[in-house]
Structures are given as structure tokens and as C-alpha cells.
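The next block holds one structure in the form of C-alpha cells; read it before the comments.
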Amino acid sequence: MPRRRFTAAAVDEKLGKDARCEFRVSGLNVSYGGVRALRDMTFTVRHGEAVALVGRNGAGKTSTLQGIMRFGGRATGSVVLESAAATVDLSRAKTYEVARAGVTLVPDSRRLFPRLEIGHILRLCAEEVVGRKAAAERVDWVLHLVPAVAPWLDRKRGELSGGQQQLVAIARGLAMRPRVLLLDEPSEGLSPVARQDVLEVVLNLKRATGMAMVVAEQNIDFALALADSIVGLVSGSPMWTKDAEVFRQDRTEIESVVAL
Amino acid sequence: MTAGEEVLAVSDLDVRYRSGFQAVSGVSLSLARNERLAVIGPNGAGKTSLVSAICGDLRRKASVTGDLRIEGRSVARRRPHVRARMGLGRTYQVAQVFPGMTVLEHLALARIARRRGVGRWLREVKSEFELTDAEAKVIDLLGLRKVLTQRVSQLGQGDLKLVELAATLCAEPQILLLDEPTAGMGSREAENVCEVIETIVALRPSLSIILIEHNMDVVFRVAQRAIVMHQGRVIADGTPDDVRADSEVRALYLGYHAGA
Amino acid sequence: ACGGGDGSSGSDDDGPITIGFFHSLSGVNAGFGQQTLQGAQLAVKLANADGGVDGRDLELKTHDDQDGSVSGTINAVRALQDSDILMGGSLSAACAGAADAIGQTGKPTIYAGCSPNEIVSTLKRDNAFHIFGTNFSIGSSIGRAMKQEFPDVNTWDLYCTNNLTGFQIWNSVYDGIKAEGGDVSLDQQVLVDPTATDTRTQVSQLAAGAGDASSKGLFLSTFGAATTTFLKGAEPYGLTDKYAAVATSGAFDLTAWSLKGTSPQMWNGFTYYYGAVNTPENAAFVKAYEDEYDGPPSGFAYQGYTAVQVAIAALEETKGDTDAKGLIDALGKVTVKSPAGEIHNIDGLNQYNTPVVVWKSVGDPSAPQGLKVLKSVLVPAQDDINFWQPEEDSEQLKG
Amino acid sequence: MSSFIVAVISGLSAGALLFLAASGLTLVFGVMRIINFAQGAMVMLGAFIFHSALFGQFQPTIPAFVLSVMITTLAMAVFGVLLDVILVHRLVKLDEVPVLLATFGLLLAITGAVPLLFGTLPLSSSLPKSIDRTVTLGSGVVVPLYDLILIVVAAVITAFLAWLLNSTGFGRRVKAVSDDSDMAEASGVRSGSIRMLAFALGSALAGLGGALFAPLVTLDSGLGAGIVVEVFVVIVVAGLGSIWGALVVCLLLSILVAMFSLYAADLQPYVLYSVMGLAILLKPGGFFGARHSE
Amino acid sequence: MSRPVVPSRWWAHPGESLWVRMVLIVVVAGLYVAWIDNVGVNTGLGSVLMLIIPGALFALAMGVSYGWCGLVTFGQGAFFSMGGFTAALLREKELSPLSVVVLGGVVGGFAAWVFAALVLRRSTSLWFAMLTLAFGQFLFEYGNKSSHFGGPDGIAGIPRGSVFGQDLLMQWPFTIYSLIVATVVMLVLAVVYVSGFGMVGRAARLNSQRAEALGLNVVMIQVTMFGVSGAVAGVAGVLLAQQQSFFSTGYLGLQFAGAAIVAAMIGGVNSYWGPLIGFTILALAQNQLAGSTLGSVGWDLVLGVGVVIIVLLAPDGLMGGLDSARRSLGRRMTRRARVDRRRESSEPRAPEAVGEGS
Ligand SMILES: Nc1ncnc2c1ncn2[C@@H]1O[C@H](COP(=O)(O)OP(=O)(O)OP(=O)(O)O)[C@@H](O)[C@H]1O
Ligand SMILES: Nc1ncnc2c1ncn2[C@@H]1O[C@H](COP(=O)(O)OP(=O)(O)OP(=O)(O)O)[C@@H](O)[C@H]1O
Ligand SMILES: [Mg+2]
Ligand SMILES: [Mg+2]
């Protein structure tokens, strides 16, 4: 099959540029050097919805998100983007193709490129997806959404605090015009205030653009505030998938998975 | 050699990586003989960096400032092997082994490292292949006996961590630094690891331990005291129960509703 | 158990007579080795066309000395093993590495090359014969010729590789001029690193200090690539035109060939240059060579050709008998009409009295090989020079 | 005094050539953390290709000369792409010492292939007549025109590389890939292609260096090993990854060597190595070394 | 105390009956050489053997420095040449050849030790590799210029002398002599290989950070091992000088060292026999190919492609390949070996304990 089916433009054309998309992951397995870290992960996210993955350290949340992106370990299983018009199968796509198709990862350790200035990072990532011409516009739009980032454009990673870096990482994700945003521990390492900021940004985004989201979170409040449904992970396997509403009243089950 | 005597003292330790990132800022701590201290904290808090700085493993990767004393002697400028010979022994978050060697050779290496005098270099390695009773017990507890003559390249990540632990114990350290010894293990193996730690503590009353762990069960079982790190700083210090009750810790690490 | 006693394990009497050829066929010196091989092959071909020696054909077996590496020396042993008479050697290490085996097997051997004095003297074995010049014979021949051609040039600039060979050659030139009763003094001496690829710095230095050079001579104590690189560096300055005399040693024809007819006027001394020798033997040789290969023979081709000629002469003397003793005796006695003239062993020295050609040429794109010979002098080997015992060597440049 | 200036200028031009050889290595290291032992051999290959691209002209016209330089650079870029496809992308995962050995193998292979491809006789070509001359700078200092040209080319290349790496999208992608290749990929960057391009650029620089070098020397297969030693000296003194650092060190070292050959010719062969030894003792990571990841 | 069973891998590693094997090898090789001498083929394999020994020892020196402690060196020719020049400079002193061998080993070893001690304390093994290259080149320049070392033309007239009344001038006494020297070197190395020191060196190569954290002084180990490697190279240099009666600066170059690296890698750098076998194979192969285009002009191409393939596909070389082939032959053979050992074993509870776990 021609590789160009995975350029951003080709995917746009197929799915419809601003179409409502559904994102389906099924039977996803991830292993590192022969060691299985994730078994049979299955979930679906619809337009305007968010799924939260919860579980203890090492339960496989990060592995799920990285498995979707095909980076890190070895991943097998099916990952598809579906609109009313068509289906794009990302199961065999390369990492950059997944990214260009509109599935964007905001990784847990932020991973901003240390030698580049923030403005250049945003620009670069936007260019890869929307092309050179539209990139500037896209970055402006992102800065409008996350205005806190604007003053840091000419700084480098080393000159930002952890929380600031987290905001930038999210901005970078947005610059890539995601259809599905994969957020890995967005609240990690943030002070409560910063966490509130991030939450607001993400919630606004969800409301305003209807972007689908997958969030890996250990912080239950954050997860519940954001997600519509929750997947509980225990040592590499999904235990249950439930409506978030269930837990807003009674958290015992979710805590049994996440906490001590 | 009374309990309570300080064996390890860290004061005002800073770790700044070459990239400019400051992973540890102004950490001071003191470890008493026979004390078992847990270090917990979110991902990227600087736990591993702290332990690596104590062992001197960061020489070429980061600048480390601050004072470090083992048994009252300053070692801040000593190379890692000197510190090891003064009683430090560590394991790594991702097991560090010698890929072409058998498990038995790992144990023999540790034994050679432990010995003093020129004679240890000249003896045939084979003569190091006998296990003392204590070592045999550790090996049996860890279930390593059946793989003793296998090369470690054939073992899984979990087994590698066990091998590394066994080898580190063979070197008979006075201060044992364990970096997530149960990460990536099933509950049964984690149980075994705890048992090994308990056995060793019983056998060697002068042993002190620093344990980095995300698994709270292990922390509660092993540690007498816990410190919590966040963004390179110590934010709480006390018994595990005190720490768990600390609201900041709950907020940053355990989550708001961690069971008490 | 002496190895020398039973050296006749070669071929039986009916098969062809084998001449072992041992030379650099790979590596940096492969070009020289290949040329020597072509000369040798031609000689063998001509001899066979003539009916061989005593009805037996000659066969050339080639072995690579691999620049004197250990496995190259193994090849030397092989070469000895399957030949009746051995010729070869150009690179110091390879020759010297093989010398021992050569001495022990007692096989008749002809060295066609090996110019540095020390090497030649270490190669001395009773069963081995050296037929071409050393640095010493070539250098002093150049010196003599220079004195005759330029009696008024007493001051020389020297451009010299910073190693013993470079020093040796200049010192022999100095001795040669002195021997003709001349006077020599060195003005500038510029040394170049033998391994350096880029020597423009040194050339510009020479140019900057040359001053009015119209009464001075310039001697290039360099070889091959170093000479070419010098000429290229000197080109923008027009440096070689400023001197009254410019001379160099070694196989300048190869250098000139690679310069494609642009080389400047230059005196050169070496064992041979086809265009500078006027003998009927040479004319025949050049013709045969040109028929066989594309261009005229180089000095190395001449060496290969002559070495095989010597071997054939010895074989004819013994009537095709390949017994080592007889052949060695014959090699000491025969007289050979080489392209450069008649040559024979100097009594008791295992060394032939091969002459040295000193000639003046200029690049000419229309000439064959891009080189036009303006003048040539054949300096006969001096019988009082003993290559095997080079004069005491100096680390100092004379003059 | 004038011989002093002459020495400085010829030192500068020698340094410029050295830089063309070293810059590719620095670039490739900066992107892939690969030390390319074969860089010298690639310069040599470039010189041979240049010679072939002249199609037998010994003294080309200026357009022919420029064309051949361009052909060589392009051919070496293609060669770089081929190497990347066959070998280099596999090296990225290895430790630095096996990488060094593998590229050493490459050095041997190229050195061995050259006589097979181009014959065993030494080859040679010349500069176009019109630039093969000297110019007189004020106060009677006479220097070859080509020396000046080389200095200008090196300066232009340095400026070009600095611009390319610091001010263009390609440069940013290169940095992103070398900082965190997985994350760059997850940001939509085709890190494999960027790597290939960067390696091709490194090879093209080797080709350019070889082409500009070729008319000055006699070509034989021993050229590569000679260059690699000098390049390593530069790398050890300058450290890895800094283009400007490499340039400065190339120029300073070459001037130093020129000075020695002027005032103390006997010691000149040892200059490079002595400087290298000093650098190791004083500044183990090199004077301009970018952070050296272990 | 319990003593677990260790499977024997004698072809990759010297086992306990090493001495017996060594002596056997010498006797067989000696007999062979004596035999071919008696039948009169005095330029056959016997002389090939004589010529291979110095090169093979040199390849072994490469193995010791890279395979045994992780230091790649492109300048080992320097220490080889120090040995060779020791013999060359002492050529008029009428010393016993054996004492020259010892002296050459000491010179090479000491120089290597000093070099490594100066460099390694300050830099990584990567810089070390580059520096060895420059070091070799430095000496090359120096040797070529200085008349003490004969310049590029070398020094000739190095005597072979005589040992225990046996004149070494003839080929087969010299071959036996080389064999004995090589065997002694191998025995010393065997002691190193099976000792704690040898294993610690390998550990330093495999994971130096871990080794340091265990309390092993990696730098000291590498420096010492490099000294050992230099000594082996020095001895090889002396042997070559004596055999050829000649030595020159040519051996300082990258070419010579490079071929030895390739040989060591083909055989397997971290095995005991690997470099020797690799060199022998290469020398014989080149010998066979000589005369063909590939064997002469393109030999470097063969070597280079060989190195690349080995680095990528078989970093442990031929010996490593054999070893894993043996392992993959299945457990059956191992088990049988265990049973045999159990019969031999005087220790009552050893084998039973294995595999039984807690
Ligand atoms: N690169 C890797 N190599 C080997 N094992 C890995 C790697 N990354 C993760 N693992 C293992 O895979 C398992 C799942 O890890 P993962 O990072 O997905 O967990 P997580 O739920 O994201 O945890 P955390 O809350 O710590 O981020 C863990 O046991 C971890 O040790
Ligand atoms: N070599 C390095 N260079 C630059 N930054 C580094 C390096 N190693 C670690 N860091 C950064 O230092 C910080 C602390 O890392 P460290 O490994 O000490 O965390 P940790 O507390 O052990 O986390 P975890 O629980 O995930 O193991 C992290 O932000 C990490 O990205
Ligand atoms: Mg995670
Ligand atoms: Mg950690």
C-alpha cells in the first residue's frame, strides 16, 4: 500500500477534515524485550469524549499510550480512526505516521527537545502535520488557547520548571492538530495550582473542539474531572471499563485499583 | 557498632545533569546503622538521581555538589569503586548485569570485589563458585538455583533484577541501596524479594538499607522510616505512617484519597 | 638438517622452468609491482617464442609481497618453494623479510629493485644477486652529471623528504658533485613529512625564500607522489622556471605520466628511461613492449624485463639445468645485453654493474607519455662502488 | 615577515581542507552519535570520483572544474544514502565502540575498493590554468590564489552549516532527532529520513573536500588513512559536535604546523600529536565539545 | 558449602587440563615440523607456522586489550614495534634470544601500562581508541625520522642466536623455539584468563558501570590488562624481528594493527583461542587467494566487509558462534556431561542440589 495514505493531507481527505472521529483500540499487547507489559487492551473513545486509564505504577498506562504510537516496546493489536466517511487503520503505521494521522502523544516526562527553543518546537511539530504555510497560524491558535506559554517562546527546556514544561508539552501536542490527544500523566509533578491550570486548559479544549482524549492518570480527582469513562488497569491487563459517573459517588472500586 | 550510629550522611546534595536539568536540590539525609529508609515520590522526583549520586555513578553525566560521608569519612570526591569498597552496594532500576556471563559468574565477581589483597586476582575463578550457606539461602529464596549456570542473556527482566540483587548481596555491603527492587515483578516474586531483605537483615544486623519503591506494600513491610521526594527536594520525612498521613504527600504522590 | 642442502624440490626436468616473481601486487606500491610484472612477462614471452631454454618453456609464477606484511612473507616462502629461480623485491620490508628464507633455501635469486643502501646490504646472501642501483649509485650519478652540465651552479636549494632515504640521496648527489671536483653549498633546505598528503605549506615556504634563483640549482629528494605534489604546489609560483637547474631522483617518468604532459623541465636520474637510452637492444625492447602493452616501458618494466633476461642467460649457461649451485655459478659469470647496455656481475660482489640514466625532459602533451627527452647521459656504474657495503650513513644533510 | 604571512595563509588553507574533511564527521556525530572512522576514506573516494568526473581532462576549464566538484559532491551524497540504507541505520542502536569498529571496517572496505575501481596507478589532475597562479597581497606577500579560494570555501561552508543547523527547519529536526529520536518520531518527524539526509550531507562534505583536495595531490589508496589520523586529532582537540569549534581548531592547528615547518622543521611532524596529548590531559572532552553523552 | 556444576567449554575457554593440552599441542606441532623437515619439504606448512606465530600472538594482544577488558586500540603496533626494536637495537649485544624476548615483553608491557595509566584516568574508552591511533602515528613519524630506528628502511641483521646450544639459524629449531615462546605466553595468559583478574576484566568490558558499583577498580584493571596486552605485543614483535632478522617502522602503521583487529574479531575477541584461530584463518585465506584480484588488490575490501558483518551479526566471532551452536545443540549433551561428572565427583551432594531449588 502506498505510504502516502498516512500523510496528514491524505488522512484528512479520507476522514473528512473536521469530521467527528471515533478512536478504537482493541487487543493491544505491548512487550519490552520479550516481557509482556500490556495484555489485550481494548477501549473506544468517541468525539468529544475522554477515557481515563487508571492503575498503579507499572500497571501499563504508559505502555498503552506508547503502544498506540508504536514507540518504545513491541506492540501488536488494532488501532483505528473511524469517521462516518471512512476508516483509517493505524495498526501497521509508523510512529510518525500515527502522529500525522492526528493521534498525538503528550508523554509523561514531557520530553521537550533540550536544544531547541520552545517557539521552534511548537513550530516544528505544527509544520510536520499541517504543513509549512498553515503552521504559523496553528501556533497562534495554540498560544491563544494556552496563553501561559506565550512568554516562554524563546526559552529552552532547561529554563522552565516542571509545571511550565508540562504546559508546553500540551501546547506542543495541540500544535499537531490532534484528533485524538493521548495525555500521559498530565498532572504529574505539578503543584495543585498548576494542576488546576492544566485541567482547565484540557477541559476547555474538550468542550470547545470536541477532541477525543485518552488520559493516563494516577490522580483520581483529575481523572474523574476530565473523563467520561474509566479503564482500570491491574498489572498489565484491563480489569474493567466503567462510566465515570459511577465513581463520582463511590470511589471504592477505583481506589482499590489505584491506591495502596 | 551500636545501632543508631550514623553510617551515611548526605548534606546539601545537588545534582545537575549535563543538559542543565537540576534533578536533586539541597537534599540532606542521614542513615543510621541498621536503619531501613524508604525513598518514595513521583516519577522524575530525583530518587534514582539521589542514589546514583551517593554511589558516584553520575561522574560523567552530571555535576554533583554537597557533602557525602560514609562512616564519618567524606567520600564526595571518591570514585564509585572506592565507595563500594567502603560498604556501599546498589541495584539499579533497570537491572545492570554482565550480558555474556552466567549467574554463578556474577556471584563470583561480587565475591572477588569483596575480597582484599592481591591474592583475589590470581585465584582461579572456579574456586569462587562455592556458595556460603547464607548465599545458598538467598539463592534458594530467590528461586535462582536452577538458572545458576545459565547465561544472564537468556533470562527475563524480572529474573535479571533478582540476579542483580543476589550479586549485590554477595558483595556483602554495609549500606544497601535498592532502586525499585520489585518493579516489573509479579506479586509472588515481590514477596520473595521482601523475604530476602528480611533474611539478610536478620543475618547481618549491621546492614542499613535505602529502598526506592513505588509498591507501598513493600515500603510498609521493609522500611522503618520514609522520605518523600518531589522535584528534587525532600518534602516529608518520618515513619511510613506519618508520611502517609502527610497531606502534601497525599496530594503529590499518593493522591487525595489514599487510604490511611 | 640444513635447508640449503636439498633445494631441488622444484619441477621435474620435462615441465617448464619456473621463474618465481615476488613483488608488491597490492597496496600502495602495487603500481610499481604491476609494471615490473609486465616487463618480466614480456621477457618470458619473447624467450618462449624463441623456443625457450634448451627446449623447455619458461613459466612465470607471481606472488604478492603484500607490502611486507607477515602473510606477504609467507608468500615469499611459497614463491621459493615452487620456482627454480626467483626474482623480485621492491619494498624494503618485503625484501628484508624474505631475505632470510632466500638465504636458507639457497635458491638462485635476482633482486630487481630494493634501492635503499641499508636494505641492499642486509639482503646479501651468496645465492642472491642484485642488479640495479642503490640510492647511492643513483644519487652520485646525478651529482656527476649535474657537475658536468652546470659547472657554474654551486649553490643548491633542497626540497627533501624528512627521512633517511631523502637524506641519503641528497648526500650522494653531494658526493657525486664533489667527486667531479665541484663545489656545493646548500642554501634553503625544506623538509617534508614523508606521510603528509598536503605539502603546500612547505612549497610556499621554498618559494618565499627562493629569492633570485637564476644561478642556483634545486634538488628534489622526493619520490612519486611527493614529487607530483611538489610540482603542483610550485606551479602557481612558476617556481621550477626560476632555477638554473632542477633535478630529482627516482622514476620521474611515472610522475610525469600522471601530470599528462605538463611537467616542467627537469633532470632526473634512475636506472632507466626508455626515451633516454640509445641502444639497438632498447629499441627492440621498446618496440616489443609497445606491441604488447599500451605505452612504452617504465623503469620498473625495464627492471622486470632485465631481471628475467639475467635469469634466462644463467639458464642458458647451465643448458636448462635448474640445479641451484650451477645456476648460482652461472649468475656470477654471464654477460647480458640489457636494454641499457651490457651488464655483468662485478667479481665477487653478487652485484651487477648496471648503469644509471640521467636525463633532462620537459612535459609535452603530444609526446608519448607526455614527456619529451631533451638530453640524456648514461653514467656507467663505478666498479669501485660496493652497494653491499654502503658508506657510513649520515643523519646530517651535507652542504 | 612576509614568509610569516605566507605561512599563516598556507596554514589557513591547509586548515580549510582539513576542516572540510572533519566537518562531515562532526555533523554526523552531532546527529547520530556515530564516530565515522571512514570519513577520511570517504574524502579519498571523493577525490577519486572527482578525478573520474573530469573525464580525462588534466587541466580542466573552470566550468568543467566546478561541474566536476558538483558531480563529486552529489555522487558522494548518493553514496551516503546507500551507506545509510545498508549500514548506518543499523549502527545507531549499537554502543560507540562497536560503531567505531564497524566504521573502521568501512574504512578498510573503501580503501580496498578504490584500487579495484580506479586502478592501482597513482592518478593526478590539475587546477584550471586561470586559478593556478599566485596573487600578490600588499607589501609583496605572494600567495597562491587557490589557497585563498579554499579559505573562502571553508568559511562559506561553515556559515552554511551553521545556518542550516541553527536557522532552518531541517536543522531543528536534526537537533530534535539527535536529542530524542523517539519523541521526534512521535511528533511526526521522519527521524529515519532526517538521519539519512544528515549522513548524506556528511558524505557530500567529504566529497566536496575530496574534490577540492584532488588537484593538489597524487591520488593513491593510502590517502584515506592519512586523513583520518589528522581528522581524529582535530576531533580530540575540538571535541565533538561543534562545527565552529572544528573550524577554529583546524585553522589554528594548521597554522601552528605551518609555523613549525617554518621555524623548527624538525619538530613539525610531532606538533599535531603533542597538541592532541596536551588536549587529552588538559581537557579530556575537547575544547569545544558539545555535551558528550556516555 | 555447595559447589554447583559448571559445564565445560574447553574450546572457547582453557579448562583445568590446560597444561596437558598445551604440552600436547607443542609436542604435536614439534613432531610435525620435525617430520616435514625430515622428508625434506622445508618450506611447507612448517615455515608457514613459524611465520604465523608472531602475527597470531599480535592478534591475541588485540584480543586481550579489546575482548578481555574492553579497550579498542588502533595503535597496538606501537608496542609490537617496541618489542621488535628492542631486538633490533640489541642486535650487537650477543644476548640470548630468550632474554631478548623477555626484555621486549617488558618494554612493550611497561610502555602500554604507562600509556594507559596516563590516558585512561582522564578519558573514556572511545577517546582512548582514537588516542592509540595518534600514538602509533606519532611513533611512526618519529621512527621514520630518527636514524636510531633505521627510518623507513628498517634495521637489519638481527641475530637469532642460539638457545641451550641449539643454533636457531635454521628453520625448524627456530620454529620450535617460536612455538615454545608462544606456548609460554599462552600459558601465562591462560592463568590470567581463568583467574579472577581475567573475569573482572571481562566484566569491565561488558558493563563497566556495574563493575565499579560492585567495588572493582575498573581503571586499574584496564590499565593492567592493557599492560599485559602490550607485553604480548612486545614478545610478538621480538619474535618477528628475530625470524626476519629485520625490523622496520612499517609495523607501526594502521594497516598492520588493523589486520590484527580483524583477525581477532573474526576468531572472537573475548575467547581465549579466538584471535589465534582468526589470524591463522586469515593468513591461510589470504595465502590461498594470493594471485587473484580479490586476494591481492581487494584484500582490504574483504577484511573491511568482514569486520562490518561481524560487528553487526556476530560480535563474538567464530568462537562465540561455536559456543552458542554448542549451547543450542540442546541440553542433552550437557546433561550427559553432568552425569559423567557426577560419577567423577567426590563431592557427595553437589549435583543433586542443582536444579532442585528451595
Ligand atoms: N522501556 C522499558 N523496558 C522494559 N520494561 C519497561 C519499559 N517501560 C516500561 N516497562 C515495564 O512495563 C510495565 C508497565 O509500565 P508502564 O510504564 O506502562 O506503567 P505505568 O502504568 O505507566 O506506570 P507509571 O505510573 O509508573 O507511569 C512496568 O512493569 C515497567 O517496568
Ligand atoms: N542523564 C540525564 N540527563 C538529563 N536529565 C536526566 C538524566 N537522568 C534523569 N534525568 C532527569 O532527572 C529527573 C529525575 O530523574 P530520576 O531518574 O532521578 O527520577 P526518579 O525519581 O528515579 O523517577 P522514577 O520513579 O521514574 O524512577 C527526571 O526529570 C529525569 O528526566
Ligand atoms: Mg506511566
Ligand atoms: Mg528511578
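The values are calculated or read from the model by the stated rules, or taken from the named source; none is laboratory data. This is a predicted model, so every value here is computed, not measured. Here the Cβ is made from the backbone with ideal geometry for all residues, glycine too, and neighbour counts use every protein chain on show. Heads up: the accessible areas ignore ligands, DNA and RNA and are worked out on the full protein's heavy atoms, side chains in. Shrake-Rupley method; radii C 1.70, N 1.55, O 1.52, S 1.80 Å.
Points to keep in mind about this one:
- Residue match in region A:199-207 (condition: in contact (Cβ under 8 Å) with a residue 60 or more places away in the chain and farther than 30 Å from A:D140 by Cβ): no
- Tabulated pairs, region B:47-68, first closer than 14 Å to B:G89 by Cα and modelled with pLDDT of 90 or more, second open to solvent by 50 Å² or more (accessible area, probe 1.4 Å) and of a type in the set (V, I, T), C-beta under 7 angstrom, 6+ apart or interchain: B:A53/B:V64
- Exactly one residue out of B:V7, B:V27, B:V15, B:V39 is in contact with a strand residue (DSSP E or B) (Cβ under 7 Å, 6 or more places away or on another chain), among the aliphatic types (A, V, I, L, M), within 16 Å of ligand 1 (Cβ to nearest atom) and not in a loop (DSSP other than H, G, I, E, B): that is B:V39.
- Residue within region A:164-174 that is open to solvent by 40 Å² or more (accessible area, probe 1.4 Å) and either within 14 Å of chain B (Cβ to nearest Cβ) or within 16 Å of ligand 2 (Cβ to nearest atom) (or both) present: yes
- Spans of helices (runs of 4 or more DSSP H) in region E:208-312 with at least 2 residues at pLDDT 90 or above and surrounded by fewer than 24 Cβ atoms within 10 Å (Cβ to Cβ): E:218-244
- Residue within region A:195-211 that is within 15 Å of ligand 1 (Cβ to nearest atom) and not in a helix (DSSP H, G or I) present: no
- Looking at D:V43, D:V69, D:V92, D:V78, just one residue is more than 30 Å from E:A204 (Cα to Cα), out of contact with any Leu (no Cβ under 6 Å at 6 or more places or on another chain) and surrounded by fewer than 19 Cβ atoms within 10 Å (Cβ to Cβ), and that residue is D:V78.
- Among (1) farther than 28 Å from D:A102 by Cα; (2) surrounded by fewer than 24 Cβ atoms within 10 Å (Cβ to Cβ); (3) within 12 Å of chain D (Cβ to nearest Cβ), the one test that E:K93 misses: (3)
- As a summary of the residue check, C:L191 satisfies the conditions (1) of a type outside the set (V, I, T); (2) away from chain E (no Cβ under 14 Å); (3) surrounded by fewer than 23 Cβ atoms within 10 Å (Cβ to Cβ) except for the one numbered (2).
Here is a yes/no grid of residues against (1) away from chain B (no Cβ under 14 Å); (2) within 19 Å of E:F149 (Cα to Cα):
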| site | (1), (2) |
| --- | --- |
| E:L216 | no, no |
| E:A231 | yes, no |
| E:A236 | yes, yes |
| E:F246 | yes, yes |
| E:L254 | yes, yes |
| E:L276 | yes, no |
| E:L282 | yes, no |
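- Restricting attention to region D:262-271, the residues being away from chain E (no Cβ under 13 Å) and either under 13 Å from C:A196 (Cα atoms) or among the hydroxyl-bearing types (S, T, Y) (or both) number 1.
Condition check ((1) open to solvent by 10 Å² or more (accessible area, probe 1.4 Å); (2) part of a loop (DSSP other than H, G, I, E, B); (3) facing chain E (nearest Cβ under 9 Å)) across all residues:
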position	(1), (2), (3)
B:G100	yes, yes, yes
B:L104	no, no, yes
B:A108	no, no, yes
B:R116	yes, yes, no
B:A134	yes, no, no
B:G158	yes, no, no
B:E172	yes, yes, no
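- For region C:274-293, the count of residues that are within 14 Å of chain D (Cβ to nearest Cβ) and touching a residue at least 12 places away in the same chain (Cβ under 8 Å) is at least one.
- Flag for D:A109 being modelled with pLDDT of 85 or more, buried (at least 18 other Cβ atoms within 10 Å of the Cβ) and either under 17 Å from D:I34 (Cβ atoms) or more than 14 Å from chain E (Cβ to nearest Cβ) (or both): yes
- Strands (runs of 3 or more DSSP E) completely within region A:67-149 that count 2 or more residues being within 10 Å of chain D (Cβ to nearest Cβ): A:103-106
To keep it simple, each residue is scored yes or no on (1) at pLDDT 75 or above; (2) within 26 Å of A:I230 (Cα to Cα).
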position	(1), (2)
A:M1	no, no
A:R4	no, no
A:V11	yes, no
A:E22	yes, yes
A:V30	yes, yes
A:G34	no, no
A:V45	yes, yes
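- Only one of the listed residues (E:I176, E:I158) is more than 7 Å from every other protein chain (Cβ to nearest Cβ) and touching a strand residue (DSSP E or B) at 6+ places or on another chain (Cβ under 7 Å). That residue is E:I158.
- When residues of region C:155-188 are limited to those that are out of contact with any helix residue (DSSP H, G or I) (no Cβ under 7 Å at 6 or more places or on another chain), of a type outside the set (S, T, N, Q) and surrounded by fewer than 22 Cβ atoms within 10 Å (Cβ to Cβ), the one farthest from the other protein chains (Cβ to nearest Cβ): C:G181
- Helices (runs of 4 or more DSSP H) wholly inside region D:223-294 that include at least 1 residues being touching a Gly at 6+ places or on another chain (Cβ under 6 Å): D:223-238, D:243-263
- Any hit, region B:143-151, residues being modelled with pLDDT of 85 or more, open to solvent by less than 10 Å² (accessible area, probe 1.4 Å) and assigned to a helix (DSSP H, G or I): no
- Out of C:A251, C:A234, C:A207, sole residue that is open to solvent by less than 10 Å² (accessible area, probe 1.4 Å) and in contact with a helix residue (DSSP H, G or I) (Cβ under 7 Å, 6 or more places away or on another chain): C:A234
- Set side by side, the residues A:G16, A:G48, A:G73, A:G55 differ, and just one is small (G, A, S), within 16 Å of ligand 2 (Cβ to nearest atom) and open to solvent by less than 30 Å² (accessible area, probe 1.4 Å), which is A:G55.
- Qualifying positions in region B:89-98 - at pLDDT 90 or above and more than 8 Å from chain E (Cβ to nearest Cβ): B:T91
- The number of residues in region B:66-80 that are more than 9 Å from B:A9 (Cβ to Cβ) and not in a strand (DSSP E or B) comes to 7.
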